[in-house]
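Shown next, in structure tokens, is the structure this report addresses.
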Amino acid sequence: MNVFLHIGAHRCATTSFQEYLRQNSEALDEQNIGFWGPHRTRNGLFNGILPTPSAATGRDQHRRAIGRVQMHMTRSMDLGLDHLLITDENMMGTVRENLRLGTLYCGVGERMARFAQAFDGRVTDVVVNLRSLETYWASALAYGVSRGHRVPSAAMLDRLVDTPRSWRDVLTDVACAVPGARIWAMPFETFGGRPETQLSAMIGQDMPRAHARIRLNATPHLEELRTQLQSSVADQLPTGQGRWQPFDDAQIAALRETYADDLMWLAAGGDGLVQLKQDPDKIGQGMNPAQTDLTRGRPHDDQDRRMAGTG
């Protein structure tokens, strides 16, 4: 049984992906695909895997958590499943912690090492969604402000732009924490809002298209965000409508450049640690690529004359 850990990241259409899986559970059962979503993982299944304050009961909560996960794994194997997908973005950390520390998932390595131990080395694949940083942080800030986080100051925005930690560091930490698994990076720009395509790329076979355009937990636009806040807080937001983009043009350019470097690193092989998932709906050019330069003109003629006159 292949075991996939889909660990997020937040603000990358993970909630919509999980709802797609729930709505298509019967169709997935017919394809021998099982899944555990947040309704299961956050209902006691993962309690004790990560250290948290708790009452002293004399019981080893970490050991009990490992046993609980192993028992559920055995049940899934007894069902004859070919693939088991565990999806919960909180395995990586939380948006609130990212905003508080001003960086991306700095504790993901230790967290994923604990989850790898709980699954006793049976994890075959870890899937991470990533997103262009200027839209990721904008979405995270809107999410945070709507839930009580302060409106970011100019200093905080500068700190988010200047942090040296990027998706490359996050993925490297994950790869080191789960060394026996394949690590896959799936860009939000390719797979966001297309859960059937994302699942097809993960499993390697066609997936149901029903309920594939459900959109949950979307980033609130400015007009909606203002209605959710007290007037004193709403007054700190910019005027206008549409998506809130707190960064200025120079900051956006810097964040995009960092993300482009991450994608270039992935396209070059990710140091052998991480693989970039391509869109399965796009077909390569094959042995005879299309010729795009079909027009000759004066620059070509001038170049030919210069080449003919050399030597």
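Just one of the numbered conditions (1) of a type in the set (Ser, Thr, Tyr); (2) within 25 Å of residue 164 (Cβ to Cβ); (3) open to solvent by 20 Å² or more (accessible area, probe 1.4 Å) is not true of residue 132; which one?
(3)
Test each condition in (1) among the acidic types (Asp, Glu); (2) within 17 Å of residue 51 (Cα to Cα); (3) in contact with a Phe, Trp or Tyr (Cβ under 7 Å, 6 or more places away or on another chain) for residue 125 and report the one that comes out false.
(2)
For segment 1-26, which residues satisfy the criterion of being open to solvent by 10 Å² or more (accessible area, probe 1.4 Å) and in a helix (DSSP H, G or I)?
Selection gives 15, 16, 19, 22, 23, 25, 26.
Identify, from the list 63, 114, 68, the residue that is farther than 27 Å from residue 218 by Cα, in contact with a Leu (Cβ under 8 Å, 6 or more places away or on another chain) and open to solvent by 60 Å² or more (accessible area, probe 1.4 Å).
114
Does residue 165 satisfy the condition of being modelled with pLDDT of 95 or more, farther than 30 Å from residue 83 by Cβ and surrounded by 15 or more Cβ atoms within 10 Å (Cβ to Cβ)?
Yes; evaluated as a whole, the condition is true for this residue.
Quick one: which helices (runs of 4 or more DSSP H) sit completely within segment 187-262 and have at least 3 residues that are surrounded by 13 or more Cβ atoms within 10 Å (Cβ to Cβ) and of a type in the set (S, T, N, Q)?
195-203
Any idea which of (1) touching a strand residue (DSSP E or B) at 6+ places or on another chain (Cβ under 8 Å); (2) outside any helix (DSSP H, G or I) is the one residue 174 doesn't satisfy?
Going through the list (1) touching a strand residue (DSSP E or B) at 6+ places or on another chain (Cβ under 8 Å); (2) outside any helix (DSSP H, G or I), residue 174 breaks only (2).
Just one of (1) acidic (Asp, Glu); (2) open to solvent by less than 40 Å² (accessible area, probe 1.4 Å); (3) more than 21 Å from residue 163 (Cβ to Cβ) trips up residue 29, so point out which.
(2) is the only condition that residue 29 fails.
Can you tell me which residue in segment 32-43 is surrounded by the fewest Cβ atoms within 10 Å (Cβ to Cβ), limited to those that are free of Cβ contacts under 8 Å to residues at least 60 places away in the same chain and outside any helix (DSSP H, G or I)?
32
With the structure loaded, tell me whether residue 89 is in contact with a Gly (Cβ under 8 Å, 6 or more places away or on another chain), open to solvent by 10 Å² or more (accessible area, probe 1.4 Å), modelled with pLDDT of 95 or more and not hydrophobic (A, V, I, L, M, F, W, C) or whether it fails that test.
Spelling it out, residue 89 is indeed in contact with a Gly (Cβ under 8 Å, 6 or more places away or on another chain), open to solvent by 10 Å² or more (accessible area, probe 1.4 Å), modelled with pLDDT of 95 or more and not hydrophobic (A, V, I, L, M, F, W, C).
Give the residue, chosen from 79, 101, that is exposed (fewer than 15 other Cβ atoms within 10 Å of the Cβ) and free of Cβ contacts under 8 Å to residues at least 60 places away in the same chain.
79
The values are calculated or read from the model by the stated rules, or taken from the named source; none is laboratory data. Keep in mind that this is a model prediction, so the values were computed, not measured. Note that we place each Cβ from the backbone using ideal geometry, even for glycine, and neighbour counts take in every protein chain shown. For the accessible areas, the whole protein counts, side chains as well, though only heavy atoms, and no ligand, DNA or RNA atoms are used. Shrake-Rupley method; radii C 1.70, N 1.55, O 1.52, S 1.80 Å.
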